[in-house]
Amino acid sequence: MRILTLGDELLRQKAAPVADIDGEWEKTALAMIEALKKGKGVGLAGPQVGVSRRIFVVNIDGDAPRVFINPSIVETSQELVKYEEGCLSVPGIWIDVMRPKSVKVQAWNEKGRPFTLEADGILARVILHEYDHLEGILFIDRLPELKRNRILAKLDRKVKA
Ligand code: NI
């Protein structure tokens with residue numbers, strides 16, 4: 001699996017729901033987990049690997065990899081926290097982003113089984129970041145405009161160099 005980077009149109013599209021949850025998604029999920037480990041990331045969403053479907057995987061040190069198919073965000077905390085984020089599709093950029101401290105999410109796993117999960121800390125952070133990918137939103141979009149423009153200018157210089 002090749003990871004698409006900023007500038008690829010697919011990253012900006014809203015991903016379509018997975019129609020056959022109990023279908024052949026385990027293979028895709030496992031391939032995504034492999035790509036995630038190879039890229040040394042903590043989360044990877046379908047659109048990042050050219051699969052414009054509502055699926056993402058999370059792999060945090062000390063925890064088993066998790067697969068989220070057709071996730072919905074049920075609830076987020078009022079409280080926001082700052083946390084440093086990066087993205088395999090925006091390589092080389094690490095920056096503080098404000099997001100809800102905790103999240104409740106409902107989804108289906110790679111076996112087609114539904115689950116509900118309440119998360120905080122890094123897990124909540126990754127879930128919210130990956131969910132954004134399904135909506136065509138990148139973490140740099142969550143920055144104040146001035147900061148975002150500075151990052152985009154920096155990336156532009158890198159591309160042209
Ligand atoms: Ni990302």
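List of remarks:
- Any hit, the range 89-105, residues being of a type in the set (S, T, N, Q) and either touching a Gly at 6+ places or on another chain (Cβ under 6 Å) or under 30 Å from residue 16 (Cβ atoms) (or both): yes
- Of all the criteria given as (1) open to solvent by 30 Å² or more (accessible area, probe 1.4 Å); (2) in contact (Cβ under 8 Å) with a residue 24 or more places away in the chain, the one not satisfied by residue 136 is (1).
- Hits in the range 137-152 (condition: assigned to a loop (DSSP other than H, G, I, E, B) and either among the polar types (S, T, N, Q) or more than 16 Å from residue 88 (Cβ to Cβ) (or both)): 143, 144
- Checked against (1) more than 16 Å from the ligand (Cβ to nearest atom); (2) in a helix (DSSP H, G or I); (3) of a type outside the set (Lys, Arg), residue 123 passes all but condition (1).
- Long-range neighbours under 6 Å by Cβ, at least six apart or interchain, first residue in contact (Cβ under 8 Å) with a residue 12 or more places away in the chain and more than 24 Å from residue 85 (Cβ to Cβ) within the range 105-131, second crowded, with 21+ Cβ neighbours inside 10 Å and of a type in the set (Asp, Glu): none
- Test for residue 52: is it within 13 Å of the ligand (Cβ to nearest atom), hydroxyl-bearing (Ser, Thr, Tyr) and under 30 Å from residue 157 (Cβ atoms): no
- Search result, residues across the range 17-34 that are at pLDDT below 95 and hydrophobic (A, V, I, L, M, F, W, C): 19, 21, 25
- Selection status of residue 150, open to solvent by 70 Å² or more (accessible area, probe 1.4 Å) and of a type outside the set (A, V, I, L, M): yes
- Residues of the range 53-68 satisfying the condition of being over 17 Å from residue 40 (Cβ atoms) and among the β-branched types (Val, Ile, Thr): 55, 67
- Residue 25 fulfils the conditions (1) aromatic (Phe, Trp, Tyr); (2) more than 13 Å from the ligand (Cβ to nearest atom); (3) loosely packed, with under 13 Cβ neighbours inside 10 Å except for a single criterion, (3).
The values are calculated or read from the model by the stated rules, or taken from the named source; none is laboratory data. The structure displayed is predicted, hence computed values, not measured ones. Every residue, glycine among them, receives a Cβ derived from its backbone with ideal geometry; neighbour counts consider all protein chains shown. When the accessible area is computed, the model is the full protein with side chains, heavy atoms only, and any ligands, DNA or RNA have been set aside. Shrake-Rupley method; radii C 1.70, N 1.55, O 1.52, S 1.80 Å.
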